[in-house]
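Asker: Structure below; questions to follow.
The values are calculated or read from the model by the stated rules, or taken from the named source; none is laboratory data. Bear in mind that the values here come from a model prediction, so they are computed numbers and not experimental data. Cβ atoms come from the backbone with ideal geometry, glycine included; neighbour counts cover every protein chain shown.
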Amino acid sequence: MSVYKKYFLLAVALIFYFLNAGFAFAEGKLEIIYKDGLLTVSADEVIPEKIFLELGEVCNIDIITHGDVFPEKAVSLKLTDMPVKEAVKRMVRTCELKNYLLDFKKDPQGKSRLAKIDLYMGGSGQRYLTQERKSPANKAAVNQPAVKKAGTQKSTPSGSAVKQKKDTAPYKSSFSKDTDFVWDGSAPIAFPEYKGELAYDTSEASWDDSAKNFADNTMDLIPPGVRPTVSEQIIKMSDLIAKERGSDTITSDITAEAIKRIAKQANMPPQVMDLIPENIEDFDVPKIPIDSEQLTEEYRE
């Protein structure tokens, strides 16, 4: 689910192995190399949580998880000198995570580098996984390839053998290439106006004007690049709720519930859930403006 794809960041983690706890262990080998924006990954039967923990440490970046249940099935993966955007996308897909967000910022030389990753998965809550090491480590990370060989190791299923430090800091996230724009969750973001129209004619039920108005206003709150996917989900979820209620007509309250369900399925954090409109008056609240240049290319129209 790609709703609100670019919303979140930051991270730190402590891992404890309970060797005498009687859990089933999986053997795995892992090597990650990060250099000049390219990733080389060799994973042989490694659990997803371990892969992303190593990735955060190797790349010296912040990783924050939304949801507390990593898939427990060990995976194998081999990537060679792949651009970091494509590599992370492949890793997320292979590990069967629900969604992800990449944030980049400029280094002192003006080059854009990966700074943060948000991961979306099952369960609830938000926690730090890794956190960027400050200078002088940053300088080494820019000029030298980072390599981490995990070797053959014992890995435990997520949740039963790993204790993580919970996120207690105010949540902040950036949509920009550099970090000039920071969203603190205090108000909705005023994305460019949605000029399209949802495919109401594909719906199994009829839509009254209030429902269409609610859905159209909601689209203004969605990053332009993911609007096609979100618009389809709104139609499908509204149809489902109408069936549950035995209604032939979709009203604004049905659409409002549909939006909330979509966000919940995507494991949106409390800051986002609190801002989801419940009635048409909620769209009149002040919004934080964002320039289209502050959106990465994949989230522009």
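Asker: Of the residues that make up region 62-70, is at least one under 28 Å from residue 270 (Cα atoms), touching a Ser or Thr at 6+ places or on another chain (Cβ under 7 Å) and among the polar types (S, T, N, Q)?
Answerer: no
Asker: Considering 264, 243, which residue is outside the structural domain of residue 96 (by TED's automatic domain parsing), among the basic types (Lys, Arg) and farther than 22 Å from residue 124 by Cα?
Answerer: Details: 264 fails: farther than 22 Å from residue 124 by Cα.
After applying the criteria, what remains is 243.
Asker: Let me ask something else. For residue 69, indicate whether it is among the β-branched types (Val, Ile, Thr) and farther than 19 Å from residue 40 by Cβ. I'd like the intermediate steps shown before the answer.
Answerer: Details: among the β-branched types (Val, Ile, Thr): yes; farther than 19 Å from residue 40 by Cβ: yes.
Yes; evaluated as a whole, the condition is true for this residue.
Asker: For residues that are at negative phi and without any contact (Cβ under 8 Å) to a residue 40 or more places away in the chain, tally how many sit in region 103-132. Give the derivation first.
Answerer: Just the residues of region 103-132 that are at negative phi, to begin with: 103-109, 111-122, 124, 126-132.
Now narrow it down to the ones that are without any contact (Cβ under 8 Å) to a residue 40 or more places away in the chain: 107-109, 111.
So the answer is 4.
Asker: Moving on to the next point. If the Cβ limit is 7 Å and pairs must be 6+ apart or interchain, which residue in region 184-206 that is over 17 Å from residue 227 (Cβ atoms) and outside the structural domain of residue 232 (by TED's automatic domain parsing) pairs with which residue that is exposed (fewer than 12 other Cβ atoms within 10 Å of the Cβ) and of a type in the set (D, E, K, R)?
Answerer: none
Asker: Is it the case, given these coordinates, that residue 209 is more than 23 Å from the chain's Cα centre (by Cα) and free of Cβ contacts under 8 Å to residues at least 12 places away in the same chain?
Answerer: Details: more than 23 Å from the chain's Cα centre (by Cα): yes; free of Cβ contacts under 8 Å to residues at least 12 places away in the same chain: yes.
For residue 209, the condition - more than 23 Å from the chain's Cα centre (by Cα) and free of Cβ contacts under 8 Å to residues at least 12 places away in the same chain - is met.
Asker: If residue 253 satisfies every condition in (1) in contact with a strand residue (DSSP E or B) (Cβ under 8 Å, 6 or more places away or on another chain); (2) more than 30 Å from residue 69 (Cα to Cα); (3) modelled with pLDDT of 90 or more but one, which is the exception?
Answerer: Checking residue 253 against (1) in contact with a strand residue (DSSP E or B) (Cβ under 8 Å, 6 or more places away or on another chain); (2) more than 30 Å from residue 69 (Cα to Cα); (3) modelled with pLDDT of 90 or more, the one that fails is (1).
Asker: Output the residues belonging to region 188-204 that are modelled with pLDDT of 80 or more, among the hydrophobic types (A, V, I, L, M, F, W, C) and touching a Lys or Arg at 6+ places or on another chain (Cβ under 8 Å). First the steps, then the outcome.
Answerer: Taking region 188-204 and keeping what is modelled with pLDDT of 80 or more, we get 188-189, 191-204.
From the residues that got through so far, the ones that are among the hydrophobic types (A, V, I, L, M, F, W, C) too are 189, 191, 198-199.
If the condition is that a residue be modelled with pLDDT of 80 or more, among the hydrophobic types (A, V, I, L, M, F, W, C) and touching a Lys or Arg at 6+ places or on another chain (Cβ under 8 Å), then 189, 198 are the ones that fit.
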